[in-house]
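Student: Have a look at this one before I ask anything.
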Amino acid sequence: MAVLRIAKMGNPILHTPAAPVADPMAPEIAKLAADMRDTLEDIGASGLAANQVFVSQRVVVYRMIASRIPDDSGFGPVPWTVMVNPVITPLDKEKQTYWERCLSIPGLHGKVPRWPNIKIAYQSLDGNNIEQEAIGTWSALLQHECDHLDGYLYPMRMTDLSLLSYNDEPGPLAEDAAAGSKIDPLFQRLVDDWPGRPRWLGD
Ligand code: NI
């Protein structure tokens, strides 16, 4: 088991496009993926791209746990998944916005335009070509992770930076939740835990 150090925003590795993996079945890729999963489990997080742990290769590890899925999302939990050389194809004409956080940008969250429906193609660790469709916050998570591989962090995708906030001052998020938006329960907890909420939004 190895818990890896995570690069933070500003580190050049995060802004450098990652290289394609020549052999998804190579033992060092399996080892990398196992260490990335260990790192995510240690933090209790959902997704990581290899360049966030200083390996500039096109590998993403993620999961969707039930407690992170908004009600009526139309999809269920996704077990730990390793994606090698993932490629996303949007299935929509218009983006929607989703609240996101990033292990490389601790303490902040923001609302980011993403395609609500995508197709994603990748190779698995046993060398199979996998293709599947993803929707909603699942789709947004996959776009977030694949963006890392291209050197993009979520604030670089935001079109309204007034929606970028500290986790302990989640004003725009609290307004969005109060307006009835369906949000990831992790973000709802930020709102619930915000001592300033009654002052600014009422009970
Ligand atoms: Ni991230």
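Student: Are there any trypsin sites (Lys or Arg not before Pro) in region 42-106 that are in a DSSP loop and have at most 14 other Cβ atoms within 10 Å? List them by number.
Tutor: Here the sparse-neighbourhood loop sites are 93.
Student: Let me ask something else about it. Just need the relative contact order of the chain here, percent rounded to a whole number, with Cα pairs under 8 Å and 6+ apart.
Tutor: Once divided by the residue count of the chain, the mean separation gives 21 percent.
Student: OK, next. No solvent, one uniform scatterer per C-alpha: report log10 I(q)/I(0) for region 12-201 via the Debye equation at q = 0.09, 0.19 1/Å, two decimals.
Tutor: At q = 0.09, 0.19 Å⁻¹ the computed log10 ratios are -0.33, -1.40.
Student: Which of the GluC sites (Glu not before Pro) found in region 94-203 are loop residues per DSSP with 14 or fewer other Cβ atoms within 10 Å of their Cβ?
Tutor: Within region 94-203, the qualifying GluC sites (Glu not before Pro) (loop, at most 14 other Cβ atoms within 10 Å) are 94.
Student: Measuring from a point 7 Å past the Cα of residue 129 along Cα-to-C-beta, which residues in region 75-93 have an amide N at less than 20 Å?
Tutor: 82-91
Student: Can you count the Lys pairs in the chain with C-alpha separation below 22 Å, eight or more apart or on different chains?
Tutor: 9
Student: For region 1-100, what number results from the quotient of the Cα radius of gyration and 2.2 N^0.38 Å?
Tutor: In units of the 2.2 N^0.38 Å rule of thumb, it is 1.17.
Student: Can you give me the Kirkwood hydrodynamic radius for region 88-196, using every pair of distinct Cα atoms, in Å to one decimal?
Tutor: When all Cα pairs of region 88-196 are included, the Kirkwood radius is 14.9 Å.
Student: Sticking with this one: So if I take the centroid of the Cα atoms in region 57-78 and the same for region 23-38, what is the distance between those two points in Å?
Tutor: Here the answer is 20 Å between Cα centres.
Student: Between residue 93 and residue 42, how high is the FRET efficiency from 1/(1 + (r/R0)^6) when r is the Cβ-Cβ distance and R₀ = 35 Å? Nearest 0.05.
Tutor: 0.30
Quick note: the coordinates plus some simple rules give every number you see, no bench work behind them. Here the structure is a predicted model, which means the values were calculated and not measured. Ideal geometry is used to build each Cβ from the backbone, glycine not excepted, and the neighbour counts take in all protein chains shown.
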